[in-house]
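The structure under discussion appears below in the form of structure tokens.
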Amino acid sequence: MKLSQLFFLTTIFATSLIAQPTLERKIAEMIMVGFTGITVPESLKVDLTNRGLGGVLLFANNIKDPLQVQTLTSQLKNLSTGFLLIAVDQEGGKVARLSSSNGFSATPTAYTLGTIINKEDSTRAAASLMAGWLQQSGFTINFAPVADVNVNPLSPAIGKSERSYSNNPDTVSRHIGWFIDEFHKKKIITTLKHFPGHGSAISDSHLGFTDISSTWTNAELIPFRSAIERGIADLIMVGHLYNSTIDSVYPASLSHTTVTTLLRDSLHYNGVVISDELFMKAIDANYAFDDALELCVKSGTDILLFGKSIYNTRSLTAYIINSISGKVKNRAIAEYMIDSAYQRIQRLKKRIVTNAIFASANIPKESMLFANYPNPFNDATSIRYQLHTSGTVTIKVFDILGRDVATVVHEQQSAGIYSVQFQIGNGSVPLLPSGIYFYRLQSGNYFETKRMLYIK
């Protein structure tokens, strides 16, 4: 790392000692762009050195061989006045920018690893290999793993390309955990995608409007929620997915209800949110560009992702900075939303530099009880938990006075991730009045209790 980059990161957090960055610089940190070719275009050099562009995405067309990509990422870092995020899509299988075509090697698909093989050592081996490539090549971020559940094996964007580990959300949770752990060992941060779940879609958001309203279920949130609760979700990418059961107006990537109400408030995710590529047809064909920018920022998204760096023959970064800053100044976008995004991005960058993200994001070695979903609920809610050793497991529900009202689980279980339904009035659970209840997990010497709210 350059001394200037280290200085940048140590000083931006000492806000009492230096002037706050301008609005334009904060917006620049929220932008990540791609470009064409194996060398840095002149316009991108200006974006990095003069405008403070926060991130760059490389595609296969940017990568000729291992030495060339290492040189390219070094040039990009040297041009940047701050700490630059350099990302790549390296899922393995059919979505792998580092492959046998540019001097690396072929890798198995997520489906092969999670469904056909379904072994921890195989998934870890493939992830470790790819993580080593990214580390040696100078990347900061991997836009992987895919946390989508393989609901529809023929889904054109996910199932058909074997990008999902399994049709079982708990299996997906295990494999993404192993994948992330191996990348953390190599100091590479990861990105869970595509929230709130792309695996049931019958169309591809790259090509147009994608409606998952009738195919999506709450089970598709399980891998995302599991990673958040385990503290291993570095970034989360939101897909261009319309789901009227969550937001009847906007697709997820432009939806405040999806990003802020669901992901941040309900699932308690306080990390960086990144959009899927905003020139995909699902957005580009249905929204004016400036409107999409405004909606994306107002949704609570932190990083806006683009596959190119030129827009209408000029710098895309310059255009976006001008558009969003204008909307802030005319109060179409509240300035605190820019400040919040900027602060989350800087916290992430600081954690990368200090290695704190890798030290704190280890997979726990004890059992744990996750937050139930939905909460509040009426009639039924899912209770999820993880066991790291085999043993007798008991989950009981108590009312606010501490009275035992139901036993949800009492049996011998092996290590793994489990999900059970707590359904009121189903025979084993009596009808209960609305109110606050507590559920407690006991496994050996481990106890944990959480609260839930039942509303008739």
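The values are calculated or read from the model by the stated rules, or taken from the named source; none is laboratory data. All figures in this text were calculated on a predicted structure; none of them were measured in a lab. Heads up, the Cβs are rebuilt from the backbone with ideal geometry, glycines too, and the neighbour counts pull from every protein chain shown. Side chains are part of the model used for accessible areas, which takes the heavy atoms of the whole protein and leaves out ligands, DNA and RNA. Shrake-Rupley method; radii C 1.70, N 1.55, O 1.52, S 1.80 Å.
For the set K281/K308; K45/K327; K186/K350; K26/K350; K45/K186, the pairs lying more than 19 angstrom apart at their alpha carbons are K45/K327; K45/K186. Each label point was placed 7 Å from the Cα along the Cα-to-Cβ direction; for V249 and R347 their separation is 2.8 nm.
Across the options V429, L23, N118, the greatest Cα extent toward the positive end of the charge dipole of the chain (unit charges at beta carbon of Lys, Arg, Asp, Glu) belongs to L23.
If only the Cβ of Lys and Arg carry +1 and only the Cβ of Asp and Glu carry -1, the dipole of the chain around its Cα centre is close to 980 debye.
With helices as the sole contributors, the chain gives -9000 deg cm²/dmol at 222 nm; each DSSP H run of n ≥ 4 counts as -39500 (n - 2.57), and the sum is divided by every residue.
Label point 7 Å out from T313 along Cα-to-Cβ: which residues of the range 19-43 have amide N under 19 Å? Taking a point 7 Å out along Cα→Cβ of T313, the residues of the range 19-43 whose backbone N falls under 19 Å are 42-43.
Summarising the amide proton neighbourhood of I303: residues at separation of 5 or more, or on other chains, whose placed amide H is nearer than 5 Å comprise V273, I274, S275.
Figure note: H198, H256, H388 ranked by solvent-accessible area, largest first, 1.4 Å probe, ligands and nucleic acids not counted: H256, H388, H198.
Taking Cα centroids, how far is the range 438-454 from the range 57-116 in Å? Distance between centres, Cα-based: 43 Å. Of all lysines in the structure, the ones whose alpha carbon falls short of 27 Å from that of K450, not counting any fewer than 8 places away in one chain, are K365, K396.
Would you mind calculating the gained length between T217 and K329 on full extension (0.36 nm times residue separation, minus the Cα-Cα distance), in nm to one decimal? Show your work: numbers first, answer last.
Working: separation 112, 0.36 × 112 = 40.32 nm, distance 3.98 nm.
The T217-K329 span can extend by a further 36.3 nm.
Extension gain, L453-F59: 0.36 nm per intervening residue step, less the Cα-Cα distance, totals 137.2 nm.
Between N78 and F438, what is the FRET efficiency for a Förster distance of 45 Å, r being their Cβ-Cβ separation, to the nearest 0.05? According to the calculation, E is roughly 0.25. Applying the criteria of a DSSP loop state and at most 16 other Cβ atoms within 10 Å to the trypsin sites (Lys or Arg not before Pro) of the range 249-338 yields K308, R331. Farthest toward the dipole's positive end in the range 53-167, which of P66, L154, S164, given Cβ charges of +1 (Lys, Arg) and -1 (Asp, Glu) about the Cα centre? So the residue furthest toward the plus end is P66.
Accessible surface ranking for H175, H410, 1.4 angstrom probe, highest first: H410, H175. Relative to one another, the C-alpha centroids of the range 173-199 and the range 268-301 are positioned 21 Å apart.
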